[in-house]
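Undergrad: This structure is in structure tokens; I'll ask about it shortly.
Every read-out reported here was derived from the displayed coordinates using simple, explicitly stated rules and does not represent laboratory data. Because the structure is predicted, anything quoted here is derived from the model rather than measured. Cβ: placed from backbone, ideal geometry, glycine included. Neighbour counts: every protein chain shown.
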Amino acid sequence: MPLLGVNIDHIATLRQQRRAPYPDLVLAARACENAGADSIVAHLREDRRHIQDADVFALRKHVTTRFNLEMALSSDIVRIACRLKPDQVTLVPERRQELTTEGGLDVVRNARRIAAAARRFKKRNIGVSLFIEPSELQVKAAGDIGIGIVELHTGAYAESSSLGQRRMRLKELREACAVAGALGLVVNAGHGLDYENVCPVASMAQVHELNIGYAIVCHSLFVGLEQAVRQMKALAKGSRRIRGGA
Ligand code: PXP
């Protein structure tokens with residue numbers, strides 16, 4: 001049964017709409033943890049559109065499970081992460097105009113920069129994960145530079161528009177899992193997963209942790225945050241699909 005990391009970026013998105021002091025992210029993280037979240041994930045974007053610097057320091061102080069900071073490889077953010085010392089960083093590509101993280105990191109092209117940042121993180125006991133497309137090339141490149149964790153991008157699977165496409169995307173994910181498993185990498189998965197599509201990914205034996213945000217935050221509007229997390233945990237455990245989920 002995979003672990004569940006809950007990404008709380010969009011609770012901050014709501015707060016930033018009014019620049020109000022609420023909803024409080026530390027309270028949100030606590031509710032997720034009370035409901036069984038195994039880690040709390042937040043993405044400090046260069047444009048600070050949702051999570052702010054003060055948030056990550058508050059979360060670092062109060063998260064009692066594991067704090068996973070998503071971040072791009074920009075020197076400013078790397079500096080902040082080194083000071084913050086989260087339990088883990090997940091390196092993602094970032095473009096200012098995108099609505100959300102759109103693709104995986106190109107590890108082949110950026111191997112030297114990634115390896116240099118990873119060395120800085122490892123020195124500080126920060127785990128490093130790379131958010132990559134489910135491709136053999138990218139998984140092997142991650143293995144080659146000695147990164148121990150990959151997060152497979154499930155966006156293409158989540159957005160597949162036909163059964164055939166969905167099957168093909170699942171096959172890609174399974175194959176990437178197998179390559180990563182053979183290299184001894186820890187395999188996480190995330191992006192676009194929701195209450196309807198999470199089960200086939202959750203049931204892949206190598207998947208260690210799912211990172212899910214948007215669907216949980218949306219569903220929480222109807223059932224509350226704790227219940228939304230509990231229901232996703234139940235699905236990750238292989239329970240029935242929740243009908244009418246976000
Ligand atoms: N994993 C990574 C690396 C991401 O960038 C995101 C989006 O912030 C997620 C998981 C969660 O995606 P979603 O919000 O679609 O569940």
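Undergrad: Computed over the Cα atoms of the stretch 20-122, what is the convex hull's projected area averaged over all directions, in nm²?
TA: Hull-based average projected area comes out at 7.1 nm².
Undergrad: Let me know the charge dipole size of the chain about its Cα centre in debye, to the nearest 20, where only the beta-carbon of Lys, Arg (+1) and Asp, Glu (-1) is charged.
TA: 440 debye
Undergrad: Let's test the formula: R0 of 25 Å, r as the Cβ-Cβ distance of Lys123 and Gln17. What FRET efficiency results, to the nearest 0.05?
TA: 0.05
Undergrad: Any idea what % of Cα-Cα pairs in the chain are farther than 32 Å?
TA: Details: 4429 of 30135 pairs.
Across the chain, Cα pairs with separations above 32 Å total 15 percent.
Undergrad: Please arrange Leu14, Leu91 by how many other C-beta atoms lie within 10 Å of their C-beta, fewest to most.
TA: Numbers: Leu14 15, Leu91 28.
Lowest count first: Leu14, Leu91.
Undergrad: Go ahead and run the numbers for FRET between Arg83 and Gln227, Cβ-Cβ distance against an R0 of 41 Å, rounding to 0.05.
TA: Details: r = 35 Å, r/R0 = 0.86.
My answer for the efficiency is 0.70.
Undergrad: Report the extension gain between Arg48 and Asp106 in nm, rounded to one decimal, defined as 0.36 nm multiplied by the number of residues separating them, less their alpha carbon distance.
TA: The span from Arg48 to Asp106 would gain 18.6 nm if fully extended.
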